[in-house]
Amino acid sequence: MTATQASQIAPLVSQQYDKAIREGDAFFYDSDVHVIEPRVGKDEESIKTVPWHVRNVPALLKKRQAKSEETKEKESKPQQNSSDVFAPPYVPNLLVKEGPDFTVLLNKFCVQPRHFLIVTRDFSKQELPPSPTMLSTVYRIIQAHTPAADQEELLGFYNCGPNSGASQPHCHFQLLPLTPSDGVSHTVPIEALLDRIERDGKEFEHIHALPVPWRHFVALLQPPEKEEDFEAYLGMRFSQLLEAMFASALDNNDEKTAKQGMPSFNILMTKRSLHVIPRRHESFDMREAGWDAYSDADAVPEKTGTLSINALGYAGMLLTCHPVELETLCKEDQRRISQVLTHTGVPF
């Protein structure tokens, strides 16, 4: 994908999103966002400088039922492939653009507008890492993004493996338009921790470990001027991140993880940086943790208390599906968020 082609994606996504919502082929779920304001001070933990976002989406509790009812009501309309939702035939209103290697599709169920996907034309397993070609395609789209709102940026993310929060087996990279919250300077919350890295004078030479209790590796990006060099450059930086992840497992005597081959992990990509975060668990159980309201199972609504964490959690954005979950998670500011992400990630 050339820079010119990449620059056309944003307006195509916006146009197709409006049509898909209007005609009932895509669904937007209302939500409320709670921002835990960052704290700045020499004695504060690093994670407290991140403006953590916790988005409460009540419709997540009813998503399975909604899908079933929607299928019955839309039997006369084109449906997604029942065996592989990212394979042809595509629902026309969800199809943004087809290319020789990848297809751009809208996310059918979204909690933020214009959430879209880059999927492989031929089936490839989501449990495998994305190819350098996919990485360069996603970065070109991020770099060429024409914002629909001031300061809007694209965040790319990829969930790899059974414990990563991946929801579909077909290889797909997700992209989400984001705008910074009022009074917050970083559009992607976790990038607040990159500021100190950029002061060391060797920011583009090394792979950095973010100062958080879980293993989170990042490479700051300085892409080549020539488009034809993108793929090799991003493939190299991604390989360096994977090497750092495996080396960390060995350095911490985590030989079992290192010998298992490719573990579950998350990828984040912005115009500024590329991240890899190894994973141990897909979810966190508030009941097992004995947290407040969930210490008494009869006192809270059924089907709540389990937080599913994907790459967005490590970007600084977590999801809850009930006000009790939201209140319980945010009760001690960043401490409980740190507990969740350390549990689902890999601690040092």
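Figures for the structure shown
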{"quantity": "Output for the range 127-153, where each listed residue is open to solvent by less than 30 Å² (accessible area, probe 1.4 Å), at pLDDT 95 or above and in a loop (DSSP other than H, G, I, E, B)", "calculated": "Pro130"}
{"quantity": "Some residue of the range 212-228 being out of contact with any strand residue (DSSP E or B) (no Cβ under 9 Å at 6 or more places or on another chain), surrounded by fewer than 20 Cβ atoms within 10 Å (Cβ to Cβ) and aliphatic (A, V, I, L, M)", "calculated": "no"}
{"quantity": "Members of the range 275-331 that are among the polar types (S, T, N, Q) and under 29 Å from Gln126 (Cβ atoms)", "calculated": "Ser283, Thr304, Thr306, Ser308, Asn310, Thr320"}
{"quantity": "From the options Gly345, Gly316, Gly305, residue that is at pLDDT 95 or above and on the phi > 0 side of the Ramachandran plot", "calculated": "Gly316"}
{"quantity": "Cross-chain or 6+ apart pairs with Cβ under 9 Å, the range 4-31 first and closer than 15 Å to His145 by Cβ and open to solvent by less than 30 Å² (accessible area, probe 1.4 Å), then of a type in the set (S, T, N, Q) and assigned to a strand (DSSP E or B)", "calculated": "none"}
{"quantity": "Test: residue in the range 276-283 that is open to solvent by 20 Å² or more (accessible area, probe 1.4 Å) and either touching a Gly at 6+ places or on another chain (Cβ under 6 Å) or closer than 17 Å to Leu60 by Cα (or both)", "calculated": "yes"}
{"quantity": "All positions within the range 106-143 that are touching a helix residue (DSSP H, G or I) at 6+ places or on another chain (Cβ under 7 Å), over 22 Å from Leu234 (Cβ atoms) and not basic (Lys, Arg)", "calculated": "Leu106, Phe109, Pro113"}
{"quantity": "Condition broken by Tyr158, with the remaining ones in (1) in a loop (DSSP other than H, G, I, E, B); (2) in contact with a strand residue (DSSP E or B) (Cβ under 9 Å, 6 or more places away or on another chain); (3) of a type outside the set (Val, Ile, Thr) satisfied", "calculated": "(1)"}
{"quantity": "Segments classed as strands (runs of 3 or more DSSP E), wholly inside the range 1-105, with at least 3 members that are in contact with a Leu (Cβ under 7 Å, 6 or more places away or on another chain) and at pLDDT 90 or above", "calculated": "52-56, 95-98"}
{"quantity": "Filter result for the condition that a residue is touching a His at 6+ places or on another chain (Cβ under 7 Å), open to solvent by 10 Å² or more (accessible area, probe 1.4 Å) and in contact (Cβ under 8 Å) with a residue 40 or more places away in the chain, over Ala166, Ala192", "calculated": "Ala192"}
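The values are calculated or read from the model by the stated rules, or taken from the named source; none is laboratory data. The model shown is predicted, which means the values in this text are computed figures rather than measured ones. No Cβ is skipped: glycine too gets one built from the backbone with ideal geometry, and neighbour counts run over all protein chains shown. In case anyone asks, the SASA skips ligands and DNA or RNA and just uses the protein heavy atoms, side chains included. Shrake-Rupley method; radii C 1.70, N 1.55, O 1.52, S 1.80 Å.
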